[in-house]
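J.: Can you read through this structure? Questions will come right after.
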Amino acid sequence: MTRPLSLDLRERVVASVLAGESCRSVAQRFNIAVSSVVKWSQRQRATGSAAPGKMGGHRKPVLDPHRAFIVERITQMPHLTLHGLKAELAARGINVSHNTVWLFLRREGLRFKKNTVRP
């Protein structure tokens, strides 16, 4: 992912627009996209600064608050499938994909096998 353009450039662009120059001429002069000039000007008006917003980051796992319920369901029904667990979560109002359930179980070390004892 690319880095945001410098704050110095953003401030010069916004200052030119505030001085009355059109967005297109400012974009041409600084060799940037017109949409960037417009967005930076809007950000300046909305927040008082043309500084870039936060990029990236880490999302907290969606199922962490529901760990107790998931552990309880796995211990009660060891034959429960990922899709079955996903359906039970959906019934509680937690809509996630089966991949999200699988990743949560894997990360927490809550693995369960349907065939624990093979003949």
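Every number here is computed from the coordinates shown, using simple stated rules; none is lab data. Computed from a predicted structure; not experimentally measured. Heads up, the Cβs are rebuilt from the backbone with ideal geometry, glycines too, and the neighbour counts pull from every protein chain shown.
J.: Compute and list, largest first, the equivalent-ellipsoid semi-axes of region 7-47 from the alpha carbon gyration tensor, each √(5λ) rounded to a whole angstrom.
T.: In descending order the semi-axes read 14, 10, 10 Å.
J.: If you place +1 on the Cβ of every Lys and Arg, -1 on the Cβ of every Asp and Glu, and leave all else neutral, what size is the dipole of the chain about its Cα centre, to the nearest 20 Debye?
T.: About 340 debye.
J.: Test of the criteria: in region 14-119, which GluC sites (Glu not before Pro) are in a DSSP loop and have at most 16 other Cβ atoms within 10 angstrom of their Cβ?
T.: E21
J.: How large is the dipole of region 7-47 about the Cα centre if only Lys and Arg carry +1 and Asp and Glu carry -1, each at its Cβ, rounded to the nearest 20 debye?
T.: So the magnitude is around 120 debye.
J.: Tally Lys and Arg at +1 and Asp and Glu at -1 over the other residues with C-beta under 15 Å from the C-beta of I32: what net charge comes out?
T.: With Lys, Arg at +1 and Asp, Glu at -1, the neighbours total +4.
J.: Which entry in (1) 1.44; (2) 1.02; (3) 1.88 matches Cα Rg over 2.2 N^0.38 Å derived from the coordinates of this structure?
T.: Computed from these coordinates, Cα Rg over 2.2 N^0.38 Å corresponds to label (3).
J.: Can you tell which of A19, G109, G56 lies farthest toward the positive end of the dipole of the chain, using +1 and -1 charges on the Cβ of basic and acidic side chains (Lys, Arg; Asp, Glu)?
T.: Looking along the dipole axis, the top candidate is G109.
J.: Within 10 Å, Cβ to Cβ, of E108, how many net charges do the neighbouring residues add up to if Lys/Arg are +1 and Asp/Glu are -1?
T.: The answer is +3.
J.: Let me ask something additional. Can you pull out the trypsin sites (Lys or Arg not before Pro) in region 55-111 whose DSSP state is coil and whose Cβ has at most 12 other Cβ atoms within 10 Å?
T.: Taking region 55-111 and a limit of 12 other Cβ atoms within 10 Å, the loop trypsin sites (Lys or Arg not before Pro) found are R59, R92, R111.
J.: Still on this structure, please answer the following. Determine the shape class of region 64-108: with a ≥ b ≥ c the square roots of the Cα gyration tensor eigenvalues, call it rounded for a/c under 1.5, and otherwise prolate if a/b is greater than b/c, oblate otherwise.
T.: rounded
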